[in-house]
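The block underneath contains the structure these notes are about, expressed in structure tokens.
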Amino acid sequence: MSENKTNNLTEIIPWLLISFILFVVGLLALSYYLWGLNVTPIVQQESILDIKDFFELRNQAIKSVITSIQSYVTGFGGIAILTVIGRRDTEKESENQNIDLSNTDIARATLYKANLQGAILDDADLQRVFLDRANLQGATLYGANLQGAILDDADLQGVFLNRANLQGAFLNEANLQGVFLDRANLQRAILNRANLQGALLHEANLQEALLDEANLAGAYRQDVKNLTQEQIAQSKR
């Protein structure tokens, strides 16, 4: 096993142990609950419910407890996986070995300084995710939902954000050089001092976007939507 894989395994083991402990605790709670139901005389239950309704309620309770256990395990497991992904060393990975997180829901996740270089995040739910100072060079986010995401000082050079939803996203001082924003929604996005040099903004919606001192030199702005002269004047052309 390589050193990189060993480090990743070391990081994920504590989270898996926590998930296992929660699973065991949940099973004990379920057992205690079922024991309580079994020791209650059926005669007493019949005064309120018939036997069929009683067992239906018990089955619903069992399903509810199991669902709660699964939610805890999935939640902690997901955090562990994202932590390992964010710390990965791309230099030790095989060529063309890109992480595929298409159609995944990682909304509100904290991925500060995460390394997602070359990652595939098409149609992913990244609402309000924290990606400040993250490395997303060469990543693809076709149709991704980044509404309200924090991407301040992130490296998005050459990223594909075609049709992505960046409404209200924070992109202060972000590197968006050569980024593809074809038909993207940047309504009310904050791009102060961002580098958009050579960016493709074909039919992108920039309504009420803040572009103070943003670098738009060489950006392709044909058919861009809702870009005002005031916004252009406030940016670096």
With the requirement that a residue be crowded, with 24+ Cβ neighbours inside 10 Å and either under 13 Å from G148 (Cβ atoms) or under 20 Å from the mean Cα position of the chain (by Cα) (or both), what does region 186-199 give you? L186, A189
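Yes/no per residue for (1) farther than 21 Å from L116 by Cβ; (2) at pLDDT 95 or above:
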{"residue": "N145", "(1), (2)": "no, yes"}
{"residue": "Q187", "(1), (2)": "yes, yes"}
{"residue": "Q231", "(1), (2)": "yes, no"}
{"residue": "S235", "(1), (2)": "yes, no"}
Can you name every residue in region 86-124 that is at pLDDT 60 or above and either under 14 Å from Q137 (Cβ atoms) or assigned to a helix (DSSP H, G or I) (or both)? N98, I99, K113, A114, N115, L116, Q117, G118, A119, I120, L121
Exception for A144 within (1) touching a residue at least 24 places away in the same chain (Cβ under 8 Å); (2) surrounded by 23 or more Cβ atoms within 10 Å (Cβ to Cβ) falls at (1)
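Of the residues D155, D212, D223, D182, which single one is closer than 19 Å to A109 by Cα and either acidic (D, E) or assigned by TED's automatic domain parsing to the domain that holds R108 (or both)? If you could, list the steps in order and put the result at the bottom.
Values: D212 fails: closer than 19 Å to A109 by Cα; D223 fails: closer than 19 Å to A109 by Cα; D182 fails: closer than 19 Å to A109 by Cα.
Checking each option against the conditions leaves just D155.
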Among the residues of region 179-200, write down those that are in a loop (DSSP other than H, G, I, E, B) and within 16 Å of K236 (Cα to Cα). L191, N192, R193, A194, L196, Q197, G198, A199
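The values are calculated or read from the model by the stated rules, or taken from the named source; none is laboratory data. Bear in mind that the values here come from a model prediction, so they are computed numbers and not experimental data. Cβ sites come from the backbone with ideal geometry, for glycine too, and all protein chains shown count toward neighbours.
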